[in-house]
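Engineer: Could you have a look at this structure, given as structure tokens, before my questions?
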Amino acid sequence: MAAFVKNVWYMAGWSEEMGDAPLARRIANVPRVFFRTTDGAVKALQDRCPHRFAPLSMGKIAGDALQCPYHGLTFDGAGQCVRNFFSDKIPAGAQVQSWACIERDGIIWMWNGDPQSADPTKIHDFEVVRDAPGRKVLRGYTHMNAPYEFATDNLMDLSHIEFVHQGTFAGDGVIFAGKHSVIDEGDTLHSNWWMEKVPAPIAAKPPYADGQIVDHWLDMRWNAPASMKLDIGATLPGKPREEGYQVGGQAHIVTPESETTSHYFTANTRTHAIDDVGMDAFLTNLFNTAFNEEDKPVIEASFANMGTDDFWAAMPLSLGVDQGGTRARRKIEALLKAEASHG
Ligand code: FES
Ligand SMILES: [Fe+2]
């Protein structure tokens, strides 16, 4: 069975990563190159010239096409060779694979299947991290030496906050005071925490003061392959959520680079202190510590520690709170199986 689902949208990068130069990014173990055409559209091609296999990402953008750095063969956004410096003829077979891309919410999404079957209605909503008036969005990227499912396990089971995030989000047992629920809606999974009468979490200070007692929620939404959105909020005890403070929200989107490595994209939106550069610096440092220095080492070490064992064959214990990650794994397996049986 293939290792990666084909017919889903993978996050290829943030909009601002796709500038004037081609961007090389391996996704699902295939080297790909992304570039913008003159109308701003993002194109994705196989990052390997069919002549002597130079990475096209080392070349340059020429109008609406990409020129190989080695002998100049030039490919359009559909992967067709459109220029050969040595002849008027384009050699047969002078083409590379291409994939459909759509830019939405500041995210470049790439359909990993046949471009003809790319379905824009299957892109999941991340409006919450789109730049807009009254918001400040901070975006990040972390490379992980672990499969994307290990990052999903981490994000769909936020009980780790109390242990892993001692330097950032841990809240003196706040998670233990919470109720956890996993809701399965077919293509979508939710892993939600609801914590009553707890001290305001760091994400809700301000507007709440240090030590203010609140009801607090952390709602994580998952879609394949590993596109997760986190809603964070707090309200005064017993008050409806709408009367409280809904932190802008976060994106946690993980794209497999290979069977053993991943691209982990994060974004955080806030609706308070949006022009406060001190707040930018504080949050950038907070997220860097949380994701790079707290999550990443334990995820990578857990995967390394599994050695060559298969995840299920190693018989992982179930603690209940880990159901979100387990179900996400099962859904990916079902998608792979369905794709395998349809050829
Ligand atoms: S390797 Fe690309 S043109 Fe020769
Ligand atoms: Fe974490």
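The values are calculated or read from the model by the stated rules, or taken from the named source; none is laboratory data. Please read these numbers as outputs of a predicted model, since none were measured by experiment. Cβ coordinates were reconstructed from backbone atoms using ideal geometry, including for glycine residues, and neighbour counts include every protein chain displayed.
Engineer: Which number in (1) surrounded by fewer than 16 Cβ atoms within 10 Å (Cβ to Cβ); (2) of a type in the set (Ser, Thr, Tyr); (3) at pLDDT 95 or above; (4) farther than 24 Å from Tyr10 by Cβ marks the one condition that Thr271 misses?
Structural biologist: (3)
Engineer: Among Lys331, Lys337, which is the only one that is away from ligand 2 (no atom under 16 Å from the Cβ), more than 22 Å from the chain's Cα centre (by Cα) and either modelled with pLDDT of 95 or more or not assigned by TED's automatic domain parsing to the domain that holds Ala146 (or both)? Steps first, please.
Structural biologist: Numbers: Lys331 fails: more than 22 Å from the chain's Cα centre (by Cα).
None of the other options fit; the residue is Lys337.
Engineer: Counting only residues that are assigned to a loop (DSSP other than H, G, I, E, B) and more than 11 Å from ligand 2 (Cβ to nearest atom), which one in region 167-181 is farthest from Asn192 (Cα to Cα)?
Structural biologist: Going residue by residue through region 167-181, those that are assigned to a loop (DSSP other than H, G, I, E, B) are 167-174.
The next check asks that each one be more than 11 Å from ligand 2 (Cβ to nearest atom); those that pass are 167, 171-174.
Values: Gly167: 23, Gly171: 17, Asp172: 19, Gly173: 17, Val174: 14 Å.
Applying the filter and picking the extreme gives Gly167.
Engineer: Still on this model: Just to check your reading of the model, which residue among Pro50, Pro147 is over 18 Å from Asn7 (Cα atoms) and more than 16 Å from ligand 1 (Cβ to nearest atom)?
Structural biologist: Numbers: Pro50 fails: more than 16 Å from ligand 1 (Cβ to nearest atom).
One residue alone meets the criteria, Pro147.
Engineer: Here's a follow-up. Scan region 57-81 and report the pairs whose first residue is closer than 15 Å to Arg32 by Cα and whose second residue is within 9 Å of ligand 1 (Cβ to nearest atom) and among the aliphatic types (A, V, I, L, M), with Cβ atoms within less than 7 Å and a gap of 6+ or a chain change.
Structural biologist: Leu66/Leu56; Cys68/Ala54; Cys68/Leu56; Phe75/Leu56
Engineer: Separate question: Report yes if Ser87 is surrounded by fewer than 17 Cβ atoms within 10 Å (Cβ to Cβ) and within 16 Å of ligand 1 (Cβ to nearest atom), otherwise no. Can you show your working first?
Structural biologist: Details: surrounded by fewer than 17 Cβ atoms within 10 Å (Cβ to Cβ): yes; within 16 Å of ligand 1 (Cβ to nearest atom): yes.
Yes: the conditions hold for Ser87.
Engineer: Next question, about the same structure. Provide a single number: the residues in region 47-75 that are crowded, with 19+ Cβ neighbours inside 10 Å and under 29 Å from the mean Cα position of the chain (by Cα).
Structural biologist: Total satisfying the criteria: 9.
Engineer: Output the number of residues of region 182-204 satisfying the condition of being over 12 Å from Val214 (Cα atoms) and assigned to a strand (DSSP E or B).
Structural biologist: 10
Engineer: Just checking, which of Gly238, Gly249 is outside the structural domain of Arg25 (by TED's automatic domain parsing), under 19 Å from Thr168 (Cα atoms) and of a type in the set (Gly, Ala, Ser)?
Structural biologist: Working: Gly238 fails: under 19 Å from Thr168 (Cα atoms).
Selected residue: Gly249, the only one of Gly238, Gly249 that is outside the structural domain of Arg25 (by TED's automatic domain parsing), under 19 Å from Thr168 (Cα atoms) and of a type in the set (Gly, Ala, Ser).
Every residue, every condition in (1) at pLDDT 95 or above; (2) under 25 Å from Trp14 (Cα atoms); (3) more than 16 Å from ligand 1 (Cβ to nearest atom), yes or no:
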| site | (1), (2), (3) |
| --- | --- |
| Ala41 | yes, yes, yes |
| Ala62 | yes, yes, no |
| Gln95 | yes, no, no |
| Trp111 | yes, yes, yes |
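Engineer: Let me ask something else about it. May I ask you to list the residues in region 169-192 that are closer than 24 Å to Phe287 by Cα and under 21 Å from the mean Cα position of the chain (by Cα)?
Structural biologist: Phe169, His190, Ser191, Asn192
Engineer: Pairs needed: first member in region 271-284, closer than 19 Å to Asp231 by Cα; second member anywhere, loosely packed, with under 15 Cβ neighbours inside 10 Å; C-beta distance under 9 Å; at least 6 residues apart or different chains.
Structural biologist: Thr271/Gly134; His272/Pro206; His272/Pro207; Ala273/Pro206; Ile274/Gly134
Engineer: Could you check how many residues of region 146-166 are surrounded by fewer than 16 Cβ atoms within 10 Å (Cβ to Cβ) and part of a loop (DSSP other than H, G, I, E, B)? Break it down stepwise before answering.
Structural biologist: Step one: filter region 146-166 for residues surrounded by fewer than 16 Cβ atoms within 10 Å (Cβ to Cβ), giving 163, 166.
Going one step further and asking which of them are part of a loop (DSSP other than H, G, I, E, B), we end up with 166.
Number of matching residues: 1.
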